[in-house]
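Student: So that we are looking at the same thing, I have put the structure below in structure tokens.
The values are calculated or read from the model by the stated rules, or taken from the named source; none is laboratory data. All values reported here derive from a predicted model rather than from experimental measurement. Positions of Cβ are generated from backbone atoms using ideal geometry, with glycine treated the same way; all protein chains shown enter the neighbour counts. Protein only, heavy atoms only, side chains kept; ligands, DNA and RNA dropped before computing areas. Shrake-Rupley method; radii C 1.70, N 1.55, O 1.52, S 1.80 Å.
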Amino acid sequence: LDLRADSRLGVVGLVEVLRRGAVTVVNSLGSGILENPGLARFLPELSYRLLEEPLALPGVQTWWGGIDAERSHLLANLGTLLVKSTVADEVYTGPLQSSETLETLRARIEAAPWRWVGQELPELSVAPTYLRPGALAAAPIGMRLFTVAQRGGYAPMIGGLGYVAASGYSGSTLNSLAAKDIWVQQPDRDQTERALTVAPLDLPAGRLAGADAVSSPRVLSDLFWLGRYGERAENLVRLLSVTRERFHEYRYRQFMEASECVPVL
């Protein structure tokens, strides 16, 4: 009702319950913006602005099409970069694309440069990996880390999700072949779980955008299920209509091959 009108997944009214604070969601609404590839370009500057210190881990070199000099670099190196859209789930690995695809991509970037970023192809670490019985092979590996919000800031989790990536350029998009949880046993847990404090932002208080146009969640839920069952009833009526038509058409025409459907109908 609130996020994707074209989807039939999820629990009706869950967003409203979340807004009232009655439930807790691990990845709160809107947190996906942090994974937008366009934000990677500005992470070093954001670190200085919010934490007054450099990034503890350097990120992948990123060029954003919204800056003239970086757009020129992006267009000149399309065939060697990992090109991502900032508004859609589109990723192009430059070395794997045909010349026609690269020219089409170039035209799209020139038409709306702010929608695109280019990144260096990541060089993943390699480790002995047991992918097939009785065989060890070198394979690129990686780990996805997580932090948990606390009252004093954000605490890094001890471990993360380890994965084995596909070999070659296919692994540049982090296309994983296998994944497992990884936990790091650290004797000095106090230092490892040190919270990263972030100064609170001074945001103006206000109502949610469009909240005045939203009716009661109970009414919306009833309308949702009324439409769902109405749709099911319509589908059933259409099926019964066709069934009745076929039944009357073939029940007195036993000589036709299609009359075999009469007992089933």
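Student: Which fully enclosed strands (runs of 3 or more DSSP E) of segment 68-173 have 2 or more residues being farther than 23 Å from Asn36 by Cβ and open to solvent by less than 80 Å² (accessible area, probe 1.4 Å)?
Tutor: 125-132, 135-150, 153-165
Student: I've got another one for you. Quick check on this structure: which one of Asp188, Asp212, Asp181 is modelled with pLDDT of 55 or more, over 25 Å from the mean Cα position of the chain (by Cα) and either more than 30 Å from Arg19 (Cα to Cα) or surrounded by fewer than 14 Cβ atoms within 10 Å (Cβ to Cβ) (or both)?
Tutor: Residue meeting the stated conditions: Asp188.
Student: Quick check: is even one residue across segment 69-86 in contact with a Pro (Cβ under 7 Å, 6 or more places away or on another chain), among the basic types (Lys, Arg) and touching a residue at least 24 places away in the same chain (Cβ under 8 Å)?
Tutor: Yes, because at least one residue in segment 69-86 is in contact with a Pro (Cβ under 7 Å, 6 or more places away or on another chain), among the basic types (Lys, Arg) and touching a residue at least 24 places away in the same chain (Cβ under 8 Å).
Student: Is it true that Val25 is open to solvent by 40 Å² or more (accessible area, probe 1.4 Å) and in a helix (DSSP H, G or I)? Quick ask: steps written out before the conclusion?
Tutor: On the way: open to solvent by 40 Å² or more (accessible area, probe 1.4 Å): yes; in a helix (DSSP H, G or I): no.
The answer is no for Val25.
Student: Moving on. Test Arg41 against the criterion of being within 20 Å of Val148 (Cα to Cα), in contact (Cβ under 8 Å) with a residue 60 or more places away in the chain, out of contact with any Asp or Glu (no Cβ under 7 Å at 6 or more places or on another chain) and among the basic types (Lys, Arg), and give yes or no.
Tutor: No, not satisfied.
Student: Kindly indicate the residue of segment 219-236 that is of a type in the set (A, V, I, L, M, F, W, C) and either more than 19 Å from Asp6 (Cβ to Cβ) or outside any helix (DSSP H, G or I) (or both) and also modelled with the lowest pLDDT among those meeting that condition. Break it down stepwise before answering.
Tutor: Just the residues of segment 219-236 that are of a type in the set (A, V, I, L, M, F, W, C), to begin with: 219-220, 223-226, 233, 236.
Now restrict to residues that are either more than 19 Å from Asp6 (Cβ to Cβ) or outside any helix (DSSP H, G or I) (or both): 219, 233, 236.
Working: Val219: 80, Ala233: 94, Leu236: 93.
Filtering segment 219-236 for residues that are of a type in the set (A, V, I, L, M, F, W, C) and either more than 19 Å from Asp6 (Cβ to Cβ) or outside any helix (DSSP H, G or I) (or both), the one modelled with the lowest pLDDT comes out as Val219.
Student: So which residues in segment 44-60 are under 22 Å from Gly152 (Cβ atoms) and either touching a residue at least 12 places away in the same chain (Cβ under 8 Å) or outside any loop (DSSP other than H, G, I, E, B) (or both), if there are any at all?
Tutor: Listed by number, the residues that qualify are Leu46, Ser47, Tyr48, Arg49, Leu50, Leu51, Leu55.
Student: Considering each residue of segment 15-38, count those that are without any contact (Cβ under 8 Å) to a residue 60 or more places away in the chain and in contact with a Pro (Cβ under 7 Å, 6 or more places away or on another chain), and give that number.
Tutor: Total meeting the criteria: 0.
Student: Just to be sure I understand, how many residues within segment 33-43 are in a loop (DSSP other than H, G, I, E, B) and surrounded by fewer than 14 Cβ atoms within 10 Å (Cβ to Cβ)?
Tutor: Going through segment 33-43 one residue at a time, the tally reaches 2.
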